[in-house]
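Participant: First the structure, which I've put down as structure tokens, then a few questions once you've had a look.
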Amino acid sequence: VSVWQKTILWLGLGPDEAYGDYEDQPVMRGPLVSPEFEEARTAGGGDGKVYELRARPGLVDPKRSGPEESSGTVRPLRAASTAIPTVVTPKSFDDAKEVADRFLNGQAVAVNINGVGHETARRVIDFASGLCCGCGGHLERVNPQVYLLTPTGVEV
């Protein structure tokens, strides 16, 4: 066998004789291999027509059964409220507690870091970012020195 013929066979472009021992029917695996599926497949007779599969008596369709009792409580969503943000100008990292208290009470907070040291400003913004991420809020940079924290359901 030449190199050319080996290449053709390796690429799968050769004669179909090499594939003669494969079955024509695909092997059924997984959830389709069930008595109902086999019954429907053999009932058609292989003529290409589609036949309806009827449910056996006594089987219950979980999608069509009656409503089930649920122990969950349904609470209405709060309508999005419009708020004027409270401006907090932290002098030290200890003032970040005021930002958190107001944010957790559902108020929008504008953090003004103008005139604060670089390290303190970084720590306050990192804290505000974690607060928003952990509580499902949104942190937005309004200008280079002001950041807006908005809780979920509050529009500014």
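The values are calculated or read from the model by the stated rules, or taken from the named source; none is laboratory data. Model, not experiment: these values are computed from the prediction. We place every Cβ from the backbone using ideal geometry, glycine too, and count neighbours over all the protein chains shown.
Participant: With respect to the numbered conditions (1) free of Cβ contacts under 8 Å to residues at least 12 places away in the same chain; (2) in a strand (DSSP E or B); (3) not basic (Lys, Arg), which one is the sole condition not fulfilled by Val142?
Facilitator: The failed condition is (1).
Participant: Run down Ala121, Ala40 and say which single residue is more than 26 Å from Glu155 (Cα to Cα) and either in a helix (DSSP H, G or I) or at pLDDT 65 or above (or both).
Facilitator: Ala40
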